[in-house]
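The block underneath contains the structure these notes are about, expressed in C-alpha cells.
The values are calculated or read from the model by the stated rules, or taken from the named source; none is laboratory data. Fair warning: this is a prediction, and the values are worked out from it, not measured in the lab. Cβ coordinates were reconstructed from backbone atoms using ideal geometry, including for glycine residues, and neighbour counts include every protein chain displayed. For accessibility, only protein heavy atoms count, side chains too; no ligands or nucleic acids. Shrake-Rupley method; radii C 1.70, N 1.55, O 1.52, S 1.80 Å.
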Protein chains: 4
Amino acid sequence: MSADPQIPLRADARRNRDQIIAAARLIFAEYGPEVPMEEIARSAGVGVGTLYRRFPDREALIREVAVDNFSRVLQDARAAITEEPTWWQALVRLLYQSVELHLSIQLAMLSKKALEIVKDDPAITQLRDDLLVEVDTMVRGAQEEGDLRPDVGAGDVAMLFALLLRQMESRRPEIAEMSTARCITIMIDGLRANPGTPLPGRPLNRHDIN
Amino acid sequence: MSADPQIPLRADARRNRDQIIAAARLIFAEYGPEVPMEEIARSAGVGVGTLYRRFPDREALIREVAVDNFSRVLQDARAAITEEPTWWQALVRLLYQSVELHLSIQLAMLSKKALEIVKDDPAITQLRDDLLVEVDTMVRGAQEEGDLRPDVGAGDVAMLFALLLRQMESRRPEIAEMSTARCITIMIDGLRANPGTPLPGRPLNRHDIN
Amino acid sequence: MSADPQIPLRADARRNRDQIIAAARLIFAEYGPEVPMEEIARSAGVGVGTLYRRFPDREALIREVAVDNFSRVLQDARAAITEEPTWWQALVRLLYQSVELHLSIQLAMLSKKALEIVKDDPAITQLRDDLLVEVDTMVRGAQEEGDLRPDVGAGDVAMLFALLLRQMESRRPEIAEMSTARCITIMIDGLRANPGTPLPGRPLNRHDIN
Amino acid sequence: MSADPQIPLRADARRNRDQIIAAARLIFAEYGPEVPMEEIARSAGVGVGTLYRRFPDREALIREVAVDNFSRVLQDARAAITEEPTWWQALVRLLYQSVELHLSIQLAMLSKKALEIVKDDPAITQLRDDLLVEVDTMVRGAQEEGDLRPDVGAGDVAMLFALLLRQMESRRPEIAEMSTARCITIMIDGLRANPGTPLPGRPLNRHDIN
DNA sequence: GATGAATGAGCTTTCATTCAT
DNA sequence: AATGAATGAAAGCTCATTCAT
C-alpha cells in the first residue's frame with residue numbers, strides 16, 4: 001500500500017507533465033485553444049498517449065494550464081505588494097509585469113468555449129478570487145493614498161487587465177511590444193487620481209465580474 | 001443601356017447574400033471564426049449550398065464580412081468628423097460608437113488564422129488605409145487644438161481601438177456593457193492632453209501598424 | 001389540341017437539344033461520365049434548367065448521347081458496305097473511321113456505371129444489334145472472300161473495336177494519333193487470313209458479347 | 001544499432017498498409033479512380049482514418065497503387081527475359097501475363113485525372129522508364145532474331161500493351177476472358193515478322209510515349 | 001508507462017436536382 | 001420556355017480519443 005494520497009508522480013512523469021503544460025501554454029497562446037492535441041504533444045516532445053494519460057481530455061489540459069497561469073499571476077501580485085513602496089506602484093507593476101509574463105493562455109480564454117471550461121473549475125475560481133482580493137487591496141490602498149481615482153473598483157482594474165492580456169497582433173514584433181507598453185501607460189494615466197471625466201455606471205468591485 | 005458591371009444579383013440572391021453576411025457577423029463575433037458553416041447558414045435561414053454558392057469557402061466569407069465591417073467603421077469615422085464640433089469629440093465618439101457597433105468580426109480577427117486571411121486582401125487593405133487616414137486627421141487636429149496628448153500617433157489610437165474591439169466576456173451582460181464604457185472612458189482620460197506619464201517609445205503613426 | 005403524338009420540338013428547343021448532346025459528347029469524352037451537369041450546360045450554352053427540361057437526369061442524357069453515337073457508327077458501317085468494293089475493305093474502313101469519328105462517348109462507357117445505364121436501354125440495344133448484324137455480314141463476307149481469318153467471329157471484331165475506342169492518352173497529341181493508326185494496322189494485320197497462330201477458344205459471334 | 005532509414009512501420013501498420021493497397025487496386029479496377037474512399041477502407045477492413053493516416057489523400061493512394069503495379073510488371077518483364085528462350089517469347093509472355101496480372105489500376109489510368117496524378121511522380125516515372133528499357137531490349141532482340149516486324153518500336157508495343165490493360169466489360173466473365181486472350185493473339189500475329197501492311201508513321205520508340 | 005496506430009464522428013465542400021423568377 | 005438560385009445528401013478529410021504494442 002502506498003502512503004501518499006496523491007501519489008506524487010515519478011520524476012520522469014513529473015517532467016513530462018511540466019513539459020506538456022509549458023508547451024500547451026505557448027501553443028494555446030499562438031494558435032488558440034483548438035489546436036490539435038497532437039501538435040501540443042509533439043511540441044512537448046511526447047506522444048499523444050502520454051498527454052492523454054496525464055490529462056484525460058482537452059478540457060482538463062486547459063484547466064491545468066489556467067491553474068498554472070493564475071498561480072503565477074497571483075505570485076506576481078503578492079511579490080509586487082511586498083516589494084513596492086506604494087500601493088499605486090504595486091498596481092502599476094502588476095499591470096506591466098503580468099502582461100509580459102502571461103501574454104499566453106489568456107489569449108486562449110478569449111474563446112467562449114475556453115471560458116466556459118475554466119469558469120466552473122473550483123481550483124481556478126479559488127485562485128481567481130485570491131487574486132481579486134489582492135487587487136482589491138491594492139485598489140483601496142492606492143485610493144486612500146490619493147493615487148488612484150476613487151470611482152474605480154477592483155472589477156474595473158481586472159477588466160482593464162483582461163483587455164491587455166489579449167496580445168496585439170502585428171507584423172512587426174518590436175512595434176507590437178512598444179504598442180503594448182504605450183497602451184498600458186495610457187491606461188495607467190487614465191487611472192490616475194483627478195481624472196477629467198466622470199465614469200459611467202458605478203465602480204465595479206471584485207464580485208461584479210464573477 | 002443597362003449593363004451594370006458585376007451583374008447586380010437577382011433580388012432574392014441579393015437578399016440572401018446580405019442575410020448571410022449579417023448572420024456571419026454575429027456568429028463569428030459570438031463563437032469565433034471557426035464555427036461550423038452550417039451554423040451560419042442555418043442562422044441566415046438558408047441551406048449550406050446557398051452559402052457556398054455565394055462564398056466559395058470560409059475564407060471568402062470571412063473576407064467579405066471584414067469588408068462589410070471596415071466599411072461601416074469608415075462611414076462612422078466620416079460621420080463623426082462631419083458632425084462633431086471638435087476633432088477630439090470626433091475621436092471620442094468613434095471610440096465609443098465603433099465598439100458598440102462592431103463588437104463583432106473584430107473578435108474573429110483575434111484569431112491568427114483570421115488575421116492572415118484578411119491581411120492580404122486588397123479591398124480590406126484599402127479600407128483600412130482609408131480609415132487610418134481619417135484617424136490620422138482626427139489625431140493631428142485634436143493635437144493642434146490641445147485636446148490630445150502630443151506624444152501619440154494614429155497608430156497608438158488604432159491599437160487602443162483594436163484592444164477595445166475584443167468584446168469582454170462576462171456572465172452578466174449589463175456588467176460587460178458597463179465595463180466597456182468605463183474602460184473606454186479611462187482610456188480616453190489617458191489620452192487627454194497634459195498626462196502625467198511620458199510614454200515609452202515614440203508615437204506610432206499610421207504606417208507603423210502596417 | 002396538338003396533332004402530332006411526339007409534338008416535334010419547337011425550332012429553338014430542337015437546337016438546344018442538339019447543342020446539349022453535342023456538348024455532352026465532347027465533355028464526356030474528355031472528362032468521363034461524371035462531369036458536373038453544370039459543366040455540360042455551360043459548354044452547350046444553356047442553363048442547367050434547360051438541360052434538365054430536356055433530359056430528366058444524367059442517365060437520360062447518357063442514354064441519348066449513346067443513341068446518337070451508335071446511330072452514327074451504324075450509318076458509317078452501312079456507308080462502308082455500300083461504298084467499298086470488298087467486305088474486307090469495308091471492315092478495315094470501319095475500324096479506322098469509327099475511331100476517328102467516335103473517339104468520344106465510348107470512352108465514357110468504360111465506366112462501369114455508364115455501361116449499366118446503357119445496357120438495358122431498348123433503343124440502344126436495338127441499334128447495337130443492328131450494328132452487329134452489319135459487322136457479322138462483313139465478317140462472313142470477308143471470310144468467304146478469303147481476306148479474313150476464318151477463326152474469328154463478329155464478336156471478336158467488336159471486341160477489338162471496343163478496345164480501340166478507348167482513346168489513348170499521351171502528352172503529345174500527334175503521337176497519340178499516330179499510335180492509334182499504327183495499332184489499328186497491327187490489329188488488321190493480325191486479322192488477315194493465313195495467320196500464324198491458332199486463336200484460343202472459339203470464334204465469338206455477335207450473341208456472345210451480349 | 002538499429003536505425004533503418006524510413007522507420008519501417010510497425011508490424012500491424014505494415015499489414016494495414018498492404019491490405020489497403022491491395023484493396024484499392026481491386027476497387028479502382030472495378031469502379032474507377034473516383035470510388036468513395038470509405039469504400040476502399042471498408043474493403044480493406046480498416047476505418048477511413050487509417051487510410052488517411054497512411055495516404056494523405058486520394059492522389060497519394062493512387063500514386064502508391066501505381067508504384068505497386070509498375071513494380072510488379074517490371075518484375076514480370078525481367079522474369080520473362082530470364083526464363084524464356086527467345087526475345088519474342090519473352091515479349092509474348094509479357095503481353096499475356098501482365099494482362100492477367102494487372103487488369104487493375106491501369107483501368108484507372110484511363111481517367112484523365114488519374115493520369116495527371118501519376119505522370120509527375122518521380123518514383124513512377126522511374127519505374128516506367130525501367131520497364132521501357134526492358135521492353136526496348138526485347139523488341140530489338142526479337143527484331144534481330146527475325147520474329148518481330150522491324151517497323152515497330154518499344155513505344156508501339158507499349159501502346160498496344162496499354163490498350164490491353166483496359167479490362168473488357170462483359171456480362172459473362174468467361175467470354176471476357178476468352179475475348180482478351182483472342183485479342184492478344186490477334187495483336188501478336190499482327191506483330192509477327194513479314195506483315196502485309198506497311199505501318200503509317202514511324203516506329204515509336206520508348207521516348208516517344210513520354 | 002510511453003508510444004503511436006486505429007477508429008469514427010463531425011465538419012467542409014461539391015453537385016444533382018428542384019423551383020422561383 | 002429558359003434561367004440560374006436554393007437545397008440537401010453525400011463525399012472528402014481532420015482530429016479527439018481509445019487501445020494494441
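Which shape class applies to region A:120-186: rounded if a/c is under 1.5, otherwise prolate when a/b exceeds b/c and oblate if not, where a ≥ b ≥ c are the square roots of the Cα gyration tensor eigenvalues?
oblate
What's the buried accessible area, both sides, between C and D using a 1.4 Å probe, rounded to 100 Å²?
What C and D bury together is about 4600 Å².
Can you check what the net charge comes to around B:Arg63, using other residues whose Cβ is under 14 Å from the Cβ of B:Arg63 (Lys, Arg +1; Asp, Glu -1)?
Every neighbour counted, the sum reads 0.
Tally Lys and Arg at +1 and Asp and Glu at -1 over the other residues with C-beta under 9 Å from the C-beta of D:Gly190: what net charge comes out?
Once positives and negatives cancel, what remains is +1.
Tell me, what % of the accessible area of region D:9-55 is carbon and sulfur with a 1.4 angstrom probe?
Carbon and sulfur together cover 48 percent of it.
Taking the label point as lying 7 angstrom from Cα along the Cα-to-Cβ axis, what are the distances from A:Arg15 to the corresponding position in the remaining copies, in ascending order and in nanometres?
When each copy's label point is compared with this one, the spacings are 3.5, 6.7, 8.2 nm.
Say a paramagnetic label sat at a point 7 Å from the Cα of D:Asp12, along Cα to Cβ; which residues of region D:24-61 have their backbone N under 19 Å from it?
Residues passing the 19 Å test: D:41-55.
Where only protein heavy atoms count, and the probe is 1.4 Å, what is the accessible area per residue for region A:10-55 in Å²?
Value for region A:10-55: 55 Å² per residue.
Within the set of other residues whose C-beta is less than 15 Å from the C-beta of A:Leu91, count the net charge using Lys and Arg as +1 and Asp and Glu as -1.
Spelling it out: positives minus negatives among the neighbours equals -4.
With every protein chain kept in place and ligands, DNA and RNA left out, what is the accessible area per residue of region B:57-191? Probe 1.4 Å, answer in Å².
Normalised by residue count, the accessible surface of region B:57-191 is 38 Å².
What are the distances, in nm and sorted shortest first, from the label point of C:Arg53 to the label points of the same position in each other copy, with each label point placed 7 Å from Cα along the Cα-to-Cβ direction?
Its label point is 1.8, 5.4, 7.0 nm from the equivalent points in the other copies.
Taking the axis that carries chain A onto chain B, what is the nearest Cβ in chain A, and at how many Å, to the whole number?
A:Gly190, 2
Obtain the radius of gyration and the Kirkwood radius of region B:57-191 from its C-alpha atoms and give Rg over Rh.
0.98
Note the distances from B:Arg42 to each other copy's matching label point, with points 7 Å along the Cα-to-beta-carbon direction, in nm, sorted shortest first.
Ordered by increasing distance: 2.7, 3.2, 3.3 nm.
Calculate the mean, over all residues of peptide D:149-160, of how many other protein chain Cβ atoms lie within 10 angstrom of the residue's Cβ.
Mean shielding count: 3.
Semi-axes of region D:3-78's equivalent ellipsoid from the Cα gyration tensor, sqrt of 5 times each eigenvalue, largest first, rounded to whole Å?
The answer is 19, 19, 10 Å, longest axis first.
Cα to Cα, under 30 Å, and not fewer than 8 places away if on the same chain: which lysines meet these conditions relative to C:Lys112?
Straight-line reach from C:Lys112, under 30 Å: D:Lys112, D:Lys113, D:Lys119.
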